[in-house]
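K.L.:
Can you keep this structure in mind? I'll have questions shortly.
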Amino acid sequence: MRDKLFAGVDEVGRGCLAGPVVSCVVILKKSIKKSLLKDSKMIPFKDRLVIADHIKKNSWFSIGLASVNEIDKFNIFNASLLSMERAIKKLKKKPDIFLIDGTHAPKKINNFRTIVKGDQKIKCISAASIIAKAYRDLYMIRLSNKYPKYKWNKNFGYGTSQHLSALKKFGVTNYHRRSYKPVHNILSK
């Protein structure tokens, strides 16, 4: 009898003022170096990129996004679930169970378990968080080339004082989440 196949699921970018929310699903292969896997927020940016590449080479994975427009239309909670659902649908290999970071799962998933702080406790969820964060960081760096004044290459869309002052000075882009209070407040003036 074979071991159960677990797929870790996590999303990143919920608290950002700009850019999509990104989810990843990962099924680890036996060749993975598990010692590298921990909560993505605890790994420096450059190391995270290297580890994300290692995970991609030693797993089955897929990525799903929900756009800024979807975040504004459905709210961040529902957009996060939508991005997870998209990642899960794209996964070629089918697991026995999805282990999802947090307290909620997309409605159309039957075989799952939610785990609070799963990215700190379960290696396949840590791996999903690392790939999702590396993907989203690189996405925001590419956007920063188009919109350098917002310093997304450094703040990745989070509401740092630098990002907030750029918002006030230069205004709101199409990549900003208009439903988020700091952005909404600027638009309301």
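K.L.:
Taking only pairs six or more apart or across chains, which ones have beta-carbon atoms under 8 Å, a first residue in segment 117-129 that is free of Cβ contacts under 8 Å to residues at least 12 places away in the same chain, and a second residue that is β-branched (Val, Ile, Thr) and open to solvent by 10 Å² or more (accessible area, probe 1.4 Å)?
P.N.:
These pairs meet every condition: Lys121/Ile115.
Quick grid of which residues meet (1) touching a helix residue (DSSP H, G or I) at 6+ places or on another chain (Cβ under 6 Å); (2) closer than 11 Å to Glu11 by Cα; (3) of a type in the set (Ser, Thr, Tyr):
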| position | (1), (2), (3) |
| --- | --- |
| Pro44 | no, no, no |
| Leu49 | yes, no, no |
| Ser59 | no, no, yes |
| Ser67 | no, no, yes |
| Ile71 | yes, no, no |
| Asp96 | no, no, no |
| Asp119 | yes, yes, no |
| Ala134 | yes, no, no |
| Leu143 | yes, no, no |
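K.L.:
For segment 120-182, give me every one of the helices (runs of 4 or more DSSP H) that falls completely inside it and has 3 or more residues that are open to solvent by 20 Å² or more (accessible area, probe 1.4 Å) and under 17 Å from Lys46 (Cα atoms). Full working, then the answer.
P.N.:
Working: elements: 123-146, 152-155, 161-170.
Counting at least 3 such residues, we get 123-146.
K.L.:
So which residues in segment 5-31 are assigned to a loop (DSSP other than H, G, I, E, B) and of a type in the set (A, V, I, L, M), if there are any at all? Show your work before the answer.
P.N.:
Kept after step one, since they are assigned to a loop (DSSP other than H, G, I, E, B), are these residues of segment 5-31: 5, 13-17, 19-20, 29-31.
Selection gives Leu5, Leu17.
K.L.:
A further question on this structure: I'm trying to understand the selection: among the residues of segment 144-181, which are under 21 Å from Ile76 (Cβ atoms) and among the charged types (D, E, K, R)?
P.N.:
The answer is Arg177, Arg178, Lys181.
The values are calculated or read from the model by the stated rules, or taken from the named source; none is laboratory data. Everything quoted here is computed from the prediction, not taken from an experiment. Here the Cβ is made from the backbone with ideal geometry for all residues, glycine too, and neighbour counts use every protein chain on show. All accessible areas refer to the heavy atoms of the entire protein, side chains included, with ligands and DNA or RNA removed. Shrake-Rupley method; radii C 1.70, N 1.55, O 1.52, S 1.80 Å.
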